[in-house]
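**Q** Submitted below is the structure of interest, expressed as structure tokens.
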Amino acid sequence: EAFDAVAASAPGDNPFVLSDASDAPSAGSFGDSTVVLKHLLTRPPLEGPLLLTLTDPKATDACHKAGVGAALTLTIGAAFQPIYYEPVTVEARVIGLYDGPYMSELPPMNLDAGRRAVIEVQGYIRILLSEKPVITLDLNGYEASGLYPREAKTVIVKSAGQFRGFYTPFAHRIIELETPGPVDSILPRLPFRNIARPLWPFDPDLAEPWEGAGP
């Protein structure tokens, strides 16, 4: 539904900003989810550019070895958390290579994502690959790698809420995605094994959320 809204929007609108919070590095995830990308690859292309981030050291290394302008087949994603995601194979073109830390506004510090590579897939998807996961609350991660959210049609942000202070001033619309992942806010979808029952929200029929809770 989120991408249907993007497809139906008029050309020239400010970008849609989609929150993939279940894979947020700021909450402890690795930023290697392929859920959004896999969906994009199975639907008709959208107007671009569409920006997203993905942590994958092997794919990043392959891009640096290939060089800017190279066309290559890459299997990307699920580099750290295969319990939640599956790798995706794409035909990509390397459009940018970067290295070294960059300054973040939130938190105000140097962030080190290791080497980075920007690839273009299907002519409109621009994926910022990195060797290491980093917090993605502001625009600096994209802009330090030659990608500019204000000029995009759609931007995927791996953050639950703090990104809003940076994106709300220019976003056409912000949409929160119900994607799976290790920091999913829908707790029953996480693979808990050692919890006392009954416990809300795992037992949603409790008369009160705290019913049965012990000391």
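The values are calculated or read from the model by the stated rules, or taken from the named source; none is laboratory data. Please read all numbers here as calculations on a predicted model, not as lab measurements. Cβ sites come from the backbone with ideal geometry, for glycine too, and all protein chains shown count toward neighbours. All accessible areas refer to the heavy atoms of the entire protein, side chains included, with ligands and DNA or RNA removed. Shrake-Rupley method; radii C 1.70, N 1.55, O 1.52, S 1.80 Å.
**Q** Kindly report the accessible area of the chain per residue (heavy atoms of protein chains, probe 1.4 Å, no ligands, DNA or RNA), in Å². Working shown, then result.
**A** On the way: 10630 Å² over 215 residues.
Value for the chain: 49 Å² per residue.
**Q** Once R0 is set to 25 Å, what does the formula 1/(1 + (r/R0)^6) return for the Cβ-Cβ distance between residue 112 and residue 70, expressed as a FRET efficiency to the nearest 0.05?
**A** Computed FRET efficiency for residue 112 and residue 70: 0.50.
**Q** How big is the antiparallel share of DSSP beta bridges in the chain, given as a percent to the nearest 5?
**A** On the way: 21 of 37 bridges.
Percent antiparallel among DSSP bridges in the chain is about 55.
**Q** Go through 125-136, 72-83 and give me the packing order, highest mean Cβ count within 10 Å leading.
**A** Numbers: 125-136: 23.6, 72-83: 17.7.
Final packing ranking: 125-136, 72-83.
**Q** Another question about this same structure. So what's the projected area for the chain, the Cα convex hull averaged over all directions, in nm²? Walk me through the numbers before you get to the answer.
**A** On the way: hull surface 54.7 nm².
Value for the chain: 13.7 nm².
**Q** At 0.36 nm per residue, minus the direct Cα-Cα distance, what do residue 122 and residue 197 gain on full extension? Give it in nm, one decimal, please. If you can, show how the numbers build up before the last one.
**A** On the way: separation 75, 0.36 × 75 = 27.00 nm, distance 4.75 nm.
Gain on extension, residue 122 to residue 197, equals 22.3 nm.
**Q** Quick check: the angle from helix 57-66's long axis to the longest principal axis of the chain, C-alpha only, nearest 10 degrees?
**A** The angle comes out near 10 degrees.
**Q** Sticking with this structure for a sec: Determine the distance separating the Cα centre of region 65-108 from the Cα centre of region 152-206; give it in Å without decimals.
**A** Cα centroid to Cα centroid, the span is 23 Å.
**Q** Okay, next question. Roughly to the nearest percent, how much of the accessible area of the chain is carbon and sulfur, given a 1.4 Å probe?
**A** On the way: 5690 of 10630 Å².
The C+S portion of the solvent-accessible surface of the chain is 54 percent.
**Q** Residue 7 to residue 173: extension gain in nm, 0.36 nm per residue of separation minus the Cα-Cα distance?
**A** 58.5 nm
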